[in-house]
Amino acid sequence: MKYLELYIHTPFCVRKCEYCDFLSFAADSRTQAQYIHALLEEIRFYGACMREYQVSTIYIGGGTPSWLDAELIVSVMDTVYRSFSVTEDAEISIECNPGTVTAAKLAAYRRAGINRLSIGLQSCNNEELKLLGRIHTYEQFLKTYELARNAGFTNINVDLMSGLPYQTADRFADTLQQIIRLKPEHVSAYTLIIEKGTPFYEKYKFDAVKQEAGMKTDILPTEDEAYRIYKLTQHVLKKAGYGQYEISNYAKPGYACRHNIGYWTRDNYLGVGLGAASMIENVRYANTRDIYAYIENCRKLCILPQKAFFEEDSPLLRQAEGDWFGSNLHVSTDILSRNAQIEEFMFLGLRMTEGVTRADFERNFGMPVEAVYREVIEGLKREQLLLSAEGRISLTERGMDLANYCMAKFLF
Amino acid sequence: MSIDQSKIRNFCIIAHIDHGKSTLADRIIERTGTLTSREMQAQVLDNMDLERERGITIKSQAVRIIYKAKDGEEYIFNLIDTPGHVDFNYEVSRSLAACDGAILVVDAAQGVEAQTLANVYLALDHDLDVMPVINKIDLPSARPDEVIEEIEDVIGIEASDAPRISAKTGLNIDEVLEQIVTKIPAPTGDANAPLKALIFDAIYDSYKGVIVFCRIMEGSVKVGTKIRMMATGAEDLVTEVGYFGAGQFIPCDELSAGMVGYIAASIKNVRDTQVGDTVTEVDNPCAEPLPGYKKVNPMVYCGMYPADSAKYPDLRDALEKLQINDAALQYEPETSLALGFGFRCGFLGLLHLEIIQERLEREFNLDLVTTAPGVIYKVYKTNGEMIELTNPSNLPDPSEIDYMEEPFVSAEIMVTSEYVGAIMKLCQERRGVYISMDYIEETRAVLKYDLPLNEIIYDFFDALKSRSRGYASFDYELKGYVRSELVKLDILINKEMVDALSFIVFKESAYERGRKMCERLKEEIPRHLFEIPIQASVGGKVIARETVKALRKDVLAKCYGGDISRKKKLLEKQKEGKKRMRQIGTVEIPQEAFMSVLKLDED
């Protein structure tokens, strides 16, 4: 039996945050209901095609899944259970934002089998929250957190964001201190990236360039300050008992997010919903980002042949040939060559503090890692950016600071 | 088969850049039915991609057109397109020598420009009858009456009956065609005399070998004729003759006096055919070659290196092929500590350099590193010896140098009166020596300056355009050598001297140039894991310094699962950047950095 990670996307938000470039938008309840209906079709279809897989983690992300009526989430979970075989100990997460969660919703999630909550906080400073365009205050977050604990959630993640306009290391230290007092099991600490097409880009694009070049900035933290913030995050969380297991992720022992790790270890994952990306048996593809095209195409799924993925004329093979029964559901397909798989294995694996094992490499590619990367490994070791010992290859602390520099070397 | 010479018209079109030369050529070709408009791609004659993109003509091209005139006779027009940039004066002169007349295109809005004058004088030098045409009369700002007056006053040729046309819309093109018949003289030349043909262009074809484009002045040539190139002495049997369709070669039996066409003679050695040379028959040679042939001398030099050193032979082959129809291109092998094996190449000017560089990259798929262009300096040594320096690295030790000379040009700049001040200031900044200023009419002046060539090869043309809002035009010719205080400016990156970045500079400009160079390199060189000092030095003394800070953080903390393709693209971009790097010691320098001295005046 093979394992599968399932990602379920809900693109709806009360309002779009100033920095956000994810596929999310506000929509009326009719559109939401139509969307969920299409999503259920998609889940059923893949369930029928992927009987030899067992789902080991589920992640409902967004958008703001918690903004939807609880019944919709329950119906999604219900359809997942009916369509797929889900393991007993599956990790099932849902993202929620303060201000959209009620005790009743949380109770419904629990009943639907959801056992992990990821709360999008970003900052404990109300001014910063306002600047980001978040719809909630820190106090609302505290309420949500309390509701979650009361509802029986014992695995909670809090999302934080550093590198915000006007932020200093001291100010971010306050946010960290307040969070560790709450003792969530998991903390994700991302760095703000000024993405094209966002209001933040218009406001801060010049500063972002200066920051990247190591020059003096006007509003965003300088590169040196951003570096201090990143090191401070590592230090404070480590002292509070959170291990850094990936560039941006920290967890109490035993609480590392399995779904997240699956991405870095290149497990098969199926993304359903608008714009969701999948990687199944080394084929990557993504769904359309056009909600009307999505709804329209999902309606037609029930008439497609429900064949196992590698049977003749199966959806995946057809997908790989670029002809998906005339459906525009998928917008991109990338069949990973062996070299692409090797590259991914390294640059994704090295995001984790544990790195990769030589044994895994050999098992996957039938040759020792040195056969491909001897010079790269030796070079990075000389620069003290990489450790290679006890059958493991991983980045040093400084290597993590310079992760892009290191990872780029593993590309062919 | 012989063709009645009186029914042939050999002509070219001359114009200032952007006055519509190529568009008119297109219209003539289209109107005479050589191509249907469906087959027409805009600007047929400019058939190199590069020419279309830049909207300029780089190489001469020729096309044969059949025109049925109002007198009921059919005429053969041979239209020879000429390059339109000052860098290519020699090629222009050879193309003109192949013609009997010229159509002068003048923009109805802009009127006579410096290059219009330069080209007309060149045409008159070759005894061509010049027939003016007023173009772009569809523009709201067109002032054809004034422009006609200007042509008569400034150039001194009759223009009252010049066709007023719009090459863009096709208006009055028929009038141009009729005037070609009536105003441009038919060729003369004895078809029975010994063969005498002028090479005005040549291309290399991998099947036919070198194909020379020529104008038969006297005599005739056909398949089997044994020909000789009079300047280079090469001899070979003719395998094919023919004329030019639009974009294709059409073989024929014979080319005779007055005709324009091509000769293929399985000539394999590309150096044997030089533009301007005379072709004659071995068994019945003409008494003397046509006048005007000269070996053109490059004025600007730079080093060209393959980005991938394994591509050195490819670069050599590519240069050899380009040289065949570009007599002005010169090259010889050289070695750089920083860049490995490459070539020191000589060009007519900076545009010529850029064009060759782009052609090498596009047509031959080569990735190049180019060093800063320089001119030929004359170095007089204390032992009485004089060397011509084209590569700054070869400058002898200062103790061995008595003095140095640099080339100066006589420049003519035509500018409207409101920008005279700005242009004079520019010339002074570039160490120009004022010669004269004449108003050719109330609002327009011709400024004459002597300028050091090395001050104009970088970006003078751009600066001229930007300071005159595009109204100034510029022409120059080499004047001679002048003694000058010159020094070699060296660049040290991480304490190592990078030979490919050295250049010769006027002593008083050294500090300023060195400082700007360091600033520019600081922007170009990516951050490394360690700090990198960048220094400019003259004679071992550091005169400017900048530092590239060490890289501390390079991590993209935000990356959700589905984003993996995007993440990879980002890493690939980073990696791709590395590919274009040169390793100097422990420092990786992007290839663009070697050209960065060119952009010192952009702010």
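Go through the stretch B:214-313 and name the chymotrypsin sites (Phe, Trp or Tyr not before Pro) that are in a DSSP coil and have 13 or fewer other Cβ atoms within 10 Å of their Cβ. Mind dumping the intermediate values first?
Values: sites: B:Tyr243, B:Phe244, B:Phe249, B:Tyr262, B:Tyr293, B:Tyr301; in loops: B:Tyr293.
Of the chymotrypsin sites (Phe, Trp or Tyr not before Pro), not one in the loops of the stretch B:214-313 has a Cβ with at most 13 other Cβ atoms within 10 Å.
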Global geometry of the protein assembly as shown, whether rounded, prolate or oblate, following the gyration tensor of its Cα atoms and the 1.5 cut on a/c: prolate
Residues of the stretch A:393-412 buried by at least 30 Å² on assembly (accessible area, 1.4 Å probe, chain alone as reference): A:Arg398, A:Asp401, A:Leu402, A:Asn404, A:Tyr405, A:Ala408, A:Leu411
Peptide-level mean, for B:542-553, of C-beta atoms on other protein chains within 10 Å: 3
GluC sites (Glu not before Pro) restricted to the stretch B:436-496 and DSSP loop, no more than 10 other C-beta within 10 Å: B:Glu442
Reduction of at least 30 Å² in accessible surface, 1.4 Å probe, comparing all protein chains with the chain by itself, residues of the stretch A:333-351: A:Phe347, A:Arg351
Interface residues, the stretch B:501-533 - accessible area loss of 20 Å² or more versus chain alone, probe 1.4 Å: B:Arg527, B:Leu529
Average accessible area per residue (Å²) across the protein assembly as shown - probe 1.4 Å, nucleic acids and ligands excluded: 41 Å²
Mean separation of Cα contacts under 8 Å, 6 or more apart, over the residue count of chain A: relative contact order %: 15 percent
Pairs beyond 19 Å (Cα-Cα), from B:Lys21/B:Lys465; A:Lys143/A:Lys231; B:Lys311/B:Lys522; B:Lys70/B:Lys168; A:Lys381/A:Lys409; B:Lys7/B:Lys168: B:Lys21/B:Lys465; A:Lys143/A:Lys231; B:Lys311/B:Lys522; B:Lys70/B:Lys168; B:Lys7/B:Lys168
Theoretical ellipticity at 222 nm over chain A - DSSP helices of four or more residues, -39500 (n - 2.57) apiece, nearest 500: -13000 deg cm²/dmol
Around B:Glu113: net Lys/Arg minus Asp/Glu count, Cβ-Cβ under 15 Å: -2
Computed [θ] at 222 nm, helices only, for chain B once each DSSP H run of length n ≥ 4 contributes -39500 (n - 2.57): -6500 deg cm²/dmol
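Which of the trypsin sites (Lys or Arg not before Pro) found in the stretch B:427-459 are loop residues per DSSP with 11 or fewer other Cβ atoms within 10 Å of their Cβ?
Numbers: sites: B:Arg430, B:Arg431, B:Arg444, B:Lys448; in loops: B:Arg430, B:Arg431.
Hits after loop and neighbour filter: nothing returned.
As an exercise, take the mean of 1/r over every pair of distinct alpha carbons in chain B, invert it, and state the Kirkwood radius in angstroms. Please list the in-between numbers first.
Numbers: mean 1/r = 0.0377 Å⁻¹.
Hydrodynamic radius (Kirkwood, Cα only) of chain B equals 26.5 Å.
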Cysteines (scope chain A) whose Cβ has no counterpart Cys Cβ under 4.7 Å: A:Cys13, A:Cys49, A:Cys96, A:Cys124, A:Cys257, A:Cys298, A:Cys302, A:Cys406
In Å, descending, principal axis extents of the Cα set of the stretch A:2-264: 56, 39, 35
Apportionment of accessible area to carbon and sulfur, the protein assembly as shown, percent (1.4 Å): 48 percent
Rounded to 5, percent antiparallel among DSSP beta bridges of the protein assembly as shown: 70 percent
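Before we go on, tell me the buried accessible area for the B/A pair, both chains summed, 1.4 Å probe, in Å² to the nearest 100. Mind dumping the intermediate values first?
Details: alone 26590 and 18710 Å², together 41870 Å².
Summed over both sides, the interface buries about 3400 Å².
The values are calculated or read from the model by the stated rules, or taken from the named source; none is laboratory data. None of the values given here were measured: they were computed from a predicted structure. Here the Cβ is made from the backbone with ideal geometry for all residues, glycine too, and neighbour counts use every protein chain on show. We work out accessible area using only protein heavy atoms, side chains counted, and drop any ligands, DNA or RNA first. Shrake-Rupley method; radii C 1.70, N 1.55, O 1.52, S 1.80 Å.
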